[in-house]
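Below is one structure; the comments refer to it alone.
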Amino acid sequence: MVETVQFELVAPEKLIFTGEVELVVVPGAEGDFGVLPGHANLISTVRPGIVEIYESNQVKERYFVGGGYAEVTSKRCTVLSTESMPVSEIDTNGAQERLNAAESDLSSTTSETDRSRAERSVEVARALVEASQN
Amino acid sequence: MASLKSLRLRINSVKQTQKITSAMKLVAASKLRRAQEAAEAARPYAERMDRMLGSLALAMSGREDAPKLLSGSGNDQIHLIVVCTADRGLCGGFNSSIVRGVRLRVQELQSSGKSVKLYTVGRKGREQLRREFGELIIEHKQGIGRRGPEFSEAATIGEQLTLMFQEEQFDVCTIVYNRFESVMSQIVTFQQLIPFTINEDTDKKDVDSADADSSYDFEPDETLILEDILPRNLGVQVFRALLENAASEQGARMSAMDNATRNAGEMIDKVTLEYNRSRQAQITKELIEIVSGAEAL
């Protein structure tokens, strides 16, 4: 019996994934981190990227996350994402369009707050495009 | 006594009304199911968010540099009330019960010397509050949730609130919505958003997990995370309120339309009875006229 971690991936609209996993790799704001059973307690921000769920050293499932927060304890790992979906369901063209729209937004805004928001959405869209390509 | 023709017209018009109300009831019932599912699906996120904030708040408690969204601005002079109502009427006491609650709260706050500002979400709330507190309404939003509220809409409101708080337009922020209990009952709920309060349920859960995990590492440090997560939490709380409200609205409309349909049925029965009586009376009268006419010959 392999030890497991209770992993939950939640988006505002619904619970995306819940279950026991052997290893999950989360794209933390300061570098990716893997969560195995018995991980130290940690709260971290999550950057846009891909959450990978491993089973017997193989990637079993991959989910795109558009940023958020992760809470890790020795028994469970919870990722609160701003948006999330399985990588297989990403619409490549839609992602590219979104990136283009976000970039044109960024170039047309002037105010400070709009700018940082636009930068963030460009980042999310870029991660989405990258996720859809591999 | 009303004429036969006017009674017939009356019956027809009530029947038309009944058709409309029963159709609205069916529509509300199907929308209710969807709204309820959405509200339930969004619950895990809000719960996890609460739990995480609970741990963060615990780590920050008693520290001087806690963000203002958490600890408040130090005053409680200006209150902002976010009033969530529906855009549409015909849903029983749904909108007016919220408005009544708000009116009481505003009077209470004003009589204790605080000033109050209102942020209305939904057309009906604004219409009803404008008469009395028109000058207090500083912001208004409507048209949210044609197809059920979306998180981005709630997040926009959350960001706006954060901005207004940073500009010190208010000290305490409360959101008002109808919590969905069942189809029959929706409860007007006041929930304080700023400063952040840990609700009691989370406290209990924290105790359960406290033995295993007493302290957390933070990456980046807790102040940065809090600064990021608190505005986000506002969006989540607003989203939850909007979803609960949407489910409540459909529930209220469904039971209101159910009542209306039943009342229309009763009215039809009553008017039909009257119609038949006067029809019989008419026939009897005509018979008497014929018989007495024949007798006179």
Inside region B:18-37, can you point out the residues that are buried (at least 18 other Cβ atoms within 10 Å of the Cβ) and either of a type outside the set (S, T, N, Q) or away from chain A (no Cβ under 14 Å) (or both)? B:GLN18, B:THR21, B:MET24, B:LYS25, B:ALA28, B:LYS31, B:LEU32, B:ALA35
Breaking point among (1) surrounded by fewer than 19 Cβ atoms within 10 Å (Cβ to Cβ); (2) within 14 Å of chain A (Cβ to nearest Cβ), for B:GLY93: (2)
Could you list, ordered by first residue, the pairs with Cβ atoms under 6 Å in which the first is in region B:233-261 and within 14 Å of another protein chain (Cβ to nearest Cβ) and the second is in a helix (DSSP H, G or I) and of a type in the set (Phe, Trp, Tyr), at least 6 apart or interchain? B:PHE239/B:PHE151
Which condition breaks for B:ASN178 when tested against (1) open to solvent by 30 Å² or more (accessible area, probe 1.4 Å); (2) at pLDDT 85 or above; (3) away from chain A (no Cβ under 14 Å)? (1)
Only one of these is at pLDDT below 85, open to solvent by 40 Å² or more (accessible area, probe 1.4 Å) and away from chain A (no Cβ under 14 Å): B:SER13, B:SER71. Name it. B:SER71
Check off (1) facing chain B (nearest Cβ under 10 Å); (2) within 25 Å of B:ALA155 (Cα to Cα); (3) open to solvent by 60 Å² or more (accessible area, probe 1.4 Å) for A:ARG47 and give me the number that stays unchecked. (1)
State whether the residues of region B:92-112 include one that is under 26 Å from B:SER73 (Cα atoms), at pLDDT 90 or above and not in a helix (DSSP H, G or I). yes
The conditions are (1) open to solvent by 60 Å² or more (accessible area, probe 1.4 Å); (2) closer than 30 Å to B:PRO67 by Cβ, and B:LEU109 fails exactly one of them. Which is it? (1)
Flagged in region B:53-91 as assigned to a helix (DSSP H, G or I) and either of a type in the set (A, V, I, L, M) or in contact with an Asp or Glu (Cβ under 8 Å, 6 or more places away or on another chain) (or both), in numbering order, are B:LEU53, B:GLY54, B:SER55, B:LEU56, B:ALA57, B:LEU58, B:ALA59, B:MET60, B:LEU69, B:LEU70
Every residue in region A:75-89 that is without any contact (Cβ under 8 Å) to a residue 60 or more places away in the chain and buried (at least 16 other Cβ atoms within 10 Å of the Cβ), please. A:VAL87
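What number of residues in region A:11-33 are part of a strand (DSSP E or B) and within 14 Å of chain B (Cβ to nearest Cβ)?
Our first condition is that a residue be part of a strand (DSSP E or B); within region A:11-33, this holds for A:15-21, A:23-28, A:31-33.
Right, trim to within 14 Å of chain B (Cβ to nearest Cβ) and you get A:15-19, A:26-28, A:31-33.
So the answer is 11.
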Under 8 Å between Cβ atoms, which residue pairs at least 6 apart in sequence (or on different chains) link something in region B:1-26 that is in a loop (DSSP other than H, G, I, E, B) with a partner that is among the acidic types (Asp, Glu)? B:ALA2/B:GLU274
Between a residue in region A:1-20 that is within 14 Å of B:ARG43 (Cα to Cα) and open to solvent by less than 90 Å² (accessible area, probe 1.4 Å) and any residue that is small (Gly, Ala, Ser) and in a loop (DSSP other than H, G, I, E, B), which pairs come within a Cβ distance under 9 Å, given they are 6 or more apart or on different chains? none
Scan region A:29-43 residue by residue and report those that are closer than 23 Å to B:ALA46 by Cβ and either touching a residue at least 60 places away in the same chain (Cβ under 8 Å) or under 12 Å from the mean Cα position of the chain (by Cα) (or both). A:ALA29
Pairs please, first residue from region B:139-164 and open to solvent by 60 Å² or more (accessible area, probe 1.4 Å), second anywhere and part of a loop (DSSP other than H, G, I, E, B) and not β-branched (Val, Ile, Thr), Cβ atoms under 8 Å, 6+ apart in sequence or on different chains. B:GLN142/B:ASP87; B:GLN142/B:GLY122
Regarding B:VAL116, is this residue under 16 Å from the mean Cα position of the chain (by Cα), open to solvent by less than 50 Å² (accessible area, probe 1.4 Å) and either more than 17 Å from B:THR174 (Cα to Cα) or aliphatic (A, V, I, L, M) (or both)? no
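Here is a check on your reading of the model: is B:LEU224 farther than 30 Å from A:ARG76 by Cβ, within 14 Å of chain A (Cβ to nearest Cβ) and modelled with pLDDT of 75 or more? Break it down stepwise before answering.
Details: farther than 30 Å from A:ARG76 by Cβ: no; within 14 Å of chain A (Cβ to nearest Cβ): yes; modelled with pLDDT of 75 or more: yes.
The answer is no for B:LEU224.
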Name the pairs whose Cβ atoms lie under 6 Å apart, with the first residue in region B:183-198 and in contact (Cβ under 8 Å) with a residue 12 or more places away in the chain, the second assigned to a strand (DSSP E or B) and open to solvent by 50 Å² or more (accessible area, probe 1.4 Å), and 6 or more positions between them or separate chains? B:THR189/B:ARG179
Please work out if A:TYR63 is touching a helix residue (DSSP H, G or I) at 6+ places or on another chain (Cβ under 7 Å), away from chain B (no Cβ under 14 Å), surrounded by 20 or more Cβ atoms within 10 Å (Cβ to Cβ) and part of a strand (DSSP E or B). yes
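The values are calculated or read from the model by the stated rules, or taken from the named source; none is laboratory data. Predicted model only: the values in this text are computed from it and were never measured. Cβ sites come from the backbone with ideal geometry, for glycine too, and all protein chains shown count toward neighbours. Just the protein is used for accessible areas: all its heavy atoms, side chains included, with ligands, DNA and RNA removed. Shrake-Rupley method; radii C 1.70, N 1.55, O 1.52, S 1.80 Å.
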